[in-house]
Amino acid sequence: MESIRIHHVLPYFLPDAEASVSEIWRRDACFRKGERHLVSATSGAGKSSLLGYLFGERSDYTGDIRYDDREIGSLTATEWSSIRQCRISFVFQGLRLFTDLTAFENIDLKNRLSHHKTGEEILYLLNLTGLADKRDEKVARLSFGQQQRIAIIRALCQPFDFLLMDEPFSHLDDANVEIISRLVEQELSSKQAGLILCSLGAEYPFTYHHKWKL
């Protein structure tokens, strides 16, 4: 997948007056593979909704979204399954971890779909992010910041052309943000993948090709 394009997309819930100041809603926008995009928004402007639309989880909008030249509304369930395993990875704001599984099990469960990383590589990532001693700890017992790091590692343990991130570092201190952002950048570069990061204002240490105001 080389690009994600949106054309005159507007959420059902968003009044026209609020959308008029956006650089994305009701406009044409293109996210290209290999580029870094920052989408800044105020609370309630629809940043999580935007990523949900791009991921095909929500369809409560007008306009259209295309993967290359394919309108995503025409994709079958089988095609969506393949796309989410191999083309688009997502760090959800709510994380969506399995709290009754351990840190390692949460990551490995995703990794088994594509065998993208070895077990040793997963342990290396846990060690790099300061979670080596938490590998066998159930996620329910971990802090939200620790859970965020696990969710990010999990998202990196699959092939992808685009990485979507929704407020991924909100509970991390500056040192951990620096470590995780370098790790994410390495994975993006190795895959020649694109990044679409939504934030309530923080920019985080990436070099962006485009900055959008939602």
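The values are calculated or read from the model by the stated rules, or taken from the named source; none is laboratory data. All of these numbers come straight from a predicted model, not from anything done at the bench. Because the Cβ atoms are built from the backbone with ideal geometry, glycine has one as well, and the counts that use them run over all protein chains shown.
Okay, here's what the table says:
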{"read-out": "Odd one out for Leu54 among (1) farther than 30 Å from Ile153 by Cβ; (2) within 18 Å of the chain's Cα centre (by Cα); (3) not polar (S, T, N, Q)", "value": "(1)"}
{"read-out": "Total residues in region 122-151, condition under 20 Å from Ile180 (Cβ atoms) and without any contact (Cβ under 8 Å) to a residue 12 or more places away in the chain", "value": "4"}
{"read-out": "Residues of region 78-98 classified as exposed (fewer than 12 other Cβ atoms within 10 Å of the Cβ) and either of a type in the set (A, V, I, L, M) or in a strand (DSSP E or B) (or both), total", "value": "0"}
{"read-out": "Residues (part of a strand (DSSP E or B) and of a type outside the set (A, V, I, L, M)) located in region 60-76", "value": "Tyr61, Thr62, Gly63, Asp64, Arg66, Tyr67, Arg70, Glu71"}
{"read-out": "Strands (runs of 3 or more DSSP E) completely within region 123-214 that count 1 or more residues being under 26 Å from Arg5 (Cβ atoms) and polar (S, T, N, Q)", "value": "194-199"}
{"read-out": "Subset of region 136-155 that is in contact with a Ser or Thr (Cβ under 7 Å, 6 or more places away or on another chain) and surrounded by 17 or more Cβ atoms within 10 Å (Cβ to Cβ) - its residue that is farthest from Ala41 (Cα to Cα)", "value": "Val139"}
{"read-out": "Lone qualifier among Ala202, Ala193 - being more than 14 Å from Thr129 (Cβ to Cβ), of a type in the set (A, V, I, L, M) and in contact with an Asp or Glu (Cβ under 8 Å, 6 or more places away or on another chain)", "value": "Ala193"}
{"read-out": "Only one of Glu105, Glu178 that is without any contact (Cβ under 8 Å) to a residue 12 or more places away in the chain and among the acidic types (Asp, Glu)", "value": "Glu105"}
{"read-out": "Flag if Arg66 is out of contact with any Lys or Arg (no Cβ under 8 Å at 6 or more places or on another chain) and basic (Lys, Arg)", "value": "no"}
{"read-out": "Meets criteria (surrounded by 13 or more Cβ atoms within 10 Å (Cβ to Cβ), at pLDDT below 95, farther than 22 Å from Ser170 by Cα and hydrophobic (A, V, I, L, M, F, W, C)) for Leu75", "value": "no"}
{"read-out": "When residues of region 172-202 are limited to those that are out of contact with any helix residue (DSSP H, G or I) (no Cβ under 9 Å at 6 or more places or on another chain) and farther than 27 Å from Leu142 by Cβ, the one surrounded by the most Cβ atoms within 10 Å (Cβ to Cβ)", "value": "Lys191"}
